[in-house]
Structures are given as structure tokens and as C-alpha cells.
Amino acid sequence: MRRLMSVLAGTVLACSLAACGSSADAPAGSAGASGTRTVTHAMGTTEVPTAPQRVVVLDTGELDSVLALGVTPVGATSPVANGPLPSYLADRTAGVTNIGTQSDLNLETIAGLKPDLILSNKVRHEDLYPQLSGIAPTVFAERVGVAWRENLQVAGQALGREAEAERILADYRAKAKEVGATFAPGTTISMVRFTGGSVRLYGEDSFIGTILADAGLARPASQRVPGTFAEVSAEQIGQADGDRLFFASYGEAGGKDKASVLGGPLWPGIPAVAQGRAHEVSDDLWYSGIGPIAADKVLDELGTHATA
């Protein structure tokens, strides 16, 4: 991570005057000093502007959430080095400055954008919280992936758009039930991801797992596991034995693994494959999206395969 100590030294004083730091016992979203609100989050409490105008987001989930809430950030991270912002959000991110990747932030670029709010989470950037909060008021969610619904609420509090966040979640839950009802009762769904070096069967404690659960769709025993996913070898691909199978690959290495497994002798014998019910999906959307816009698009695509 590129540290920007010279820039931070000049911003810490200004940030302290703008109440970027924590305050002790204020409830989430409570009114603070004139023009600010106190937001309680994973790192404590922070004074944020009543209506932030220059928001920077450091993870895909936060990017998805703020866009869903009607805010276009001035800066965001890309999933891979020197790559574009998430493809499923391309129509909403014109003019957004790329500030590096989640694991290699360009703090100088972030500071140069003069943000009045930074959003991220403890999983990705806990160690950088002091530096980030020295640039602008910074609000962190606790987790990623499975917690995307709670993280939308955190973003809603930080942006002063709590009611909109609740409306989005209510609409999502209604749509999930509607899509789930189009599948035959008892239909099971397998989720497979090729990442290079291993095959992952994604479980219930994942972004896609929450969507399937909210839709009332069951999972095979191999994917009712603790954690985000179970890793299996190519020889164990038969464990992806749901009535429907959705698969994706991450990066070049994942693409090579996918080609190897799909071209091998075991893939055609998987029931969903043999019955024409295995479908390739966007990794960017189904596995990396982790936000309400991604969830809505996944439900759209999922519904097209209810009878396929």
C-alpha cells in the first residue's frame, strides 16, 4: 500500500477541525455539530457531513451501495490492478476516478480528490483507518460478502439516506421471493467458481448464498457448509449436484481451470450438465458484486433459468 505521509500530515489538522475522529456515545445517524451527523460504525463513531458531496469508496460493495442510493462517488477501486471498475456498473461510473485496487490504494490520488466521506470495511482496510480518517471522515462496515444488506444500511446512514436503503432492501426481498416462486418446490442450486488452483463450491454464507436463501432456493449438501465456500479438486466436481448449476471463472488462471474441467470426463456426467441445466454466469456480477445492484441483476438472470 502506498502511504502518503506528507499529504496526511497536512490533512490531519484540517480533519480534526472538521470532526473526522470518533466521539464517544452518539447513536447511529444522530445530529452532531452544525452541518454534520454522528455515525456509529465498525471503527467507532465519526462526524460526517449532513449531505456528503465528494464520496470515495474503497471496495466493490461500497461502490454498488452508494450508486444504488443515488450517489456517484468521485473515486473508487478496481477489482484488479490497472483494470476497469466492475463491468456490471459500467453504465453508472463514467467519470469516476480509479484510485487503485482494494489491496493497493493510491492514497495520494484519494487525498487529491478532496473527499468529504470515505467508505470501506474492516476486512479490507482496518490497518489503513488512521491514514484514511486523516484525509476525510471515514466510515467502515464490519464485514463483506454475506453482510452486503447490513453494509447497504451503513452506507445509508453515512449518506443520510437511511429510508432509501430500507426501501431498496424491501424491494429486493419482495423480488427475491417472487423469483424463487418461479422454481419448482425443492429445486436445489449449485454454485461453482473456478479461481485457478482450486474449484470452489459456494455455500450459504456468501453473497450469492444470501440471494438464493432469500429466494427460498435450497442448496445441495455439499454447499451447506460453514464459511463462504468449500474447495474441491477437479476430481470432486461431481459434488456440484444441484438441479441447476451456475458457474463462473475468475481471471486467466480460473479460465484455464474452467476449460480443463469442462473438457474433462467428469463434467458431462453431472446431472444438471447432462440435462442442459448448467449455465455460465458473470464472475464480476454473481461472485464479486456484493451489493444491491448486483443482487437485483442476479435475480433477473436467475429467473430466466427457472424452467431452463
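The values are calculated or read from the model by the stated rules, or taken from the named source; none is laboratory data. Here the structure is a predicted model, which is why all the values come from computation and not from measurement. In this analysis, Cβ positions are derived from the backbone assuming ideal geometry, glycine residues included, and neighbour counts consider all displayed protein chains. To get the accessible areas, we keep the full protein, side chains included, count just its heavy atoms, and leave off ligands, DNA and RNA. Shrake-Rupley method; radii C 1.70, N 1.55, O 1.52, S 1.80 Å.
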Subject >> Gyration tensor verdict on the range 107-239 (Cα atoms; rounded if a/c is under 1.5, prolate if a/b is larger than b/c, oblate otherwise) >> reply: oblate
Original post:
In Å², what does the accessible area per residue of the chain work out to with a 1.4 Å probe?
Top reply: 42
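If each DSSP helix of 4+ residues adds -39,500 (n - 2.57) and the sum is divided by the residues in the chain, what number results at 222 nm, nearest 500 deg cm²/dmol?
When only DSSP H runs of four or more count, the value is -10000 deg cm²/dmol.
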**OP:** Specify the residue with the greatest mean-square fluctuation among SER288, SER260, SER78, computed from a Gaussian network of the chain linking alpha-carbon atoms under 10 Å apart.
**Re:** SER260
Original post:
Put +1 on the Cβ of every Lys and Arg and -1 on every Asp and Glu Cβ in the range 171-308; which of LEU262, THR307, PHE246 then has its Cα farthest towards the positive end of the dipole?
Top reply: THR307
**OP:** Treating only the Cβ atoms of Lys and Arg (+1) and Asp and Glu (-1) as charged, compute the dipole magnitude of the range 160-308 about its Cα centre; round to the nearest 20 debye.
**Re:** 240
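Of LYS256/LYS297; LYS258/LYS297; LYS122/LYS258, which pairs sit farther than 30 Å apart, going by alpha carbon to alpha carbon?
Details: LYS256/LYS297 26 Å; LYS258/LYS297 23 Å; LYS122/LYS258 32 Å.
Table pairs above 30 Å Cα-Cα are LYS122/LYS258.
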**OP:** Answer rounded, prolate or oblate for the range 56-115, using the Cα gyration tensor with square roots of eigenvalues a ≥ b ≥ c: rounded when a/c is under 1.5, else prolate when a/b is larger than b/c, else oblate.
**Re:** oblate
**OP:** Compute the acute angle (0 to 90°) between the alpha-carbon long axis of helix 148-159 and the principal axis of greatest extent of the alpha-carbon atoms of the chain; round to the nearest 10°.
**Re:** 20
Original post:
How much of the accessible area of the range 43-125, in percent, comes from carbon and sulfur atoms when a 1.4 Å probe is used?
Top reply: 48
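Need one number: % antiparallel among DSSP beta bridges in the chain, to the nearest 5. List each step's numbers first, then the result.
Values: 17 of 40 bridges.
The answer is about 45 percent antiparallel.
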Original post:
Between (i) 21.9, 66; (ii) 18.4, 57; (iii) 20.8, 67, which matches Rg and Dmax of the Cα atoms in Å calculated for the structure shown?
Top reply: (iii)
Original post:
Say we join alpha carbon atoms closer than 10 Å with springs in a Gaussian network model of the chain; which of ALA295, ALA68, ALA213 then has the biggest fluctuation?
Top reply: ALA213
Original post:
If you line up the long axis of helix 162-180 against the longest principal axis of the chain, both from Cα atoms, how many degrees apart are they, to the nearest 10?
Top reply: 0
**OP:** Mind telling me which of ASP171, ASP243, ASP116 comes out most flexible in a GNM of the chain, alpha-carbon contacts under 10 Å?
**Re:** ASP171
Original post:
Ignoring ligands, DNA and RNA, what percent of the 1.4 Å accessible area of the range 141-291 is carbon and sulfur?
Top reply: 51
